[in-house]
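Heads up, the thing below is written out as structure tokens.
The values are calculated or read from the model by the stated rules, or taken from the named source; none is laboratory data. Just so it is clear, the model here is predicted, and its values are computed rather than measured. Backbone-built Cβ (ideal geometry, glycine too); neighbour counts: all protein chains shown.
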Amino acid sequence: MSSNRTLSIAILVAAFIVAGSVWTRPAMGTKSLTASQGETAVVDVYHLVDILIMSEEASNERAEFEAQSSSQITAYEQQLIGIQTQMSGISQDDPQAAQLYNQYQQVSQAIQQATNQINADYQSLLAQQIANAYTTIHEAVNTVAVEQNYTFVIATRRGADLVQTNTLTGVTQEILARPLVTPPESADMTEAVRVHLGLPTMEEITAQVEAEQAAADAAAQEQDAPTEPTPATEITDE
């Protein structure tokens, strides 16, 4: 399980993909507005969600979850080591051997159950982060739409360059993320929403992630580097 800041929501985007998602004013009982009477814009919700999911706050939340989960599993593993140590010091005929073996089995099952629960909770955490990001973006989109006099805002990605092309699911999700094939660039308000939310660009996040990774790698290499012995001082008689 990895929670570094390069996490992409590509494989999780199905959790909120709705082809042709449209924000409109509240539906009225009778039709009072046609498409020709309102201005239409598009916004790459998926791109903005990616940025929020890769933000420091979301990344730290995942890192904290991982740390707590790792501590829980480590505690179980230490129990197993203790049991193994005891088992290695007695013969199979010893009456205590069967009891230790049962303890070992119980702890092993506990680890498996804990691991399954951790995986489920981690997926729930990711889903909640995506849902929160979507809500935040939804509110911002409505605010910016009012400021820029847009009546309709359609969630879509522009361009035909698909990011995921190595799996059928990935390609399908990429296509569904583009309900509009040729939205004009002038109608794209993604950047305006990003600025409204005060989010960094994806390029800025990527550069920061790469810098953090490089620093971590350098620190690890320095820690693993062998320490050269201090040369002895030669004492000479004057």
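Please find, among Gln208, Gln173, Gln164, the residue that is within 30 Å of Glu66 (Cβ to Cβ), touching a Gly at 6+ places or on another chain (Cβ under 8 Å), modelled with pLDDT under 95 and of a type outside the set (A, V, I, L, M). Of the residues listed, the single one that is within 30 Å of Glu66 (Cβ to Cβ), touching a Gly at 6+ places or on another chain (Cβ under 8 Å), modelled with pLDDT under 95 and of a type outside the set (A, V, I, L, M) is Gln164.
For Ile83, the conditions (1) at pLDDT below 85; (2) in contact with a helix residue (DSSP H, G or I) (Cβ under 8 Å, 6 or more places away or on another chain); (3) more than 30 Å from Val181 (Cβ to Cβ) all hold with the exception of (1).
When you check Asn166 against the structure, is it free of Cβ contacts under 8 Å to residues at least 24 places away in the same chain, part of a loop (DSSP other than H, G, I, E, B) and not β-branched (Val, Ile, Thr), yes or no?
yes
Within the stretch 139-159, can one find any residue that is within 30 Å of Glu77 (Cα to Cα) and of a type in the set (Val, Ile, Thr)? No: zero hits.
Cβ-Cβ distances below 8 Å connect the following pairs, each with a first residue in the stretch 184-198 that is free of Cβ contacts under 8 Å to residues at least 40 places away in the same chain, a second residue that is buried (at least 17 other Cβ atoms within 10 Å of the Cβ) and in a loop (DSSP other than H, G, I, E, B), and a separation of six or more residues or different chains: Glu185/Arg158. Considering the conditions (1) farther than 16 Å from Arg157 by Cβ; (2) at pLDDT below 90, Leu199 is excluded by exactly one of them, (2).
In the stretch 66-81, the residues that are more than 13 Å from Val107 (Cβ to Cβ) reach residues that are modelled with pLDDT under 95 and loosely packed, with under 15 Cβ neighbours inside 10 Å with C-beta atoms within less than 9 angstrom, at least six apart or across chains, in these pairs: Glu66/Met1; Glu66/Ser2; Ser69/Met1.
Whether any residue in the stretch 218-235 is within 30 Å of Ala140 (Cα to Cα) and either of a type outside the set (S, T, N, Q) or at pLDDT 90 or above (or both) is what I want to check.
In the first step, residues of the stretch 218-235 are kept if they are within 30 Å of Ala140 (Cα to Cα); the result is none.
Taking every residue of the stretch 218-235 in turn, none turns out to be within 30 Å of Ala140 (Cα to Cα) and either of a type outside the set (S, T, N, Q) or at pLDDT 90 or above (or both).
Within the stretch 178-190, take every residue that is in a helix (DSSP H, G or I) and loosely packed, with under 12 Cβ neighbours inside 10 Å and give me the one that is farthest from the chain's Cα centre (by Cα).
Going through the stretch 178-190, the residues in a helix (DSSP H, G or I) turn out to be 185-187, 190.
If we keep only those that are loosely packed, with under 12 Cβ neighbours inside 10 Å too, we end up with 185-186.
Values: Glu185: 29, Ser186: 31 Å.
So the residue we want is Ser186.
If you go through the stretch 41-60 and pick out every residue that is farther than 30 Å from Asn149 by Cα and out of contact with any Leu (no Cβ under 7 Å at 6 or more places or on another chain), you end up with 4.
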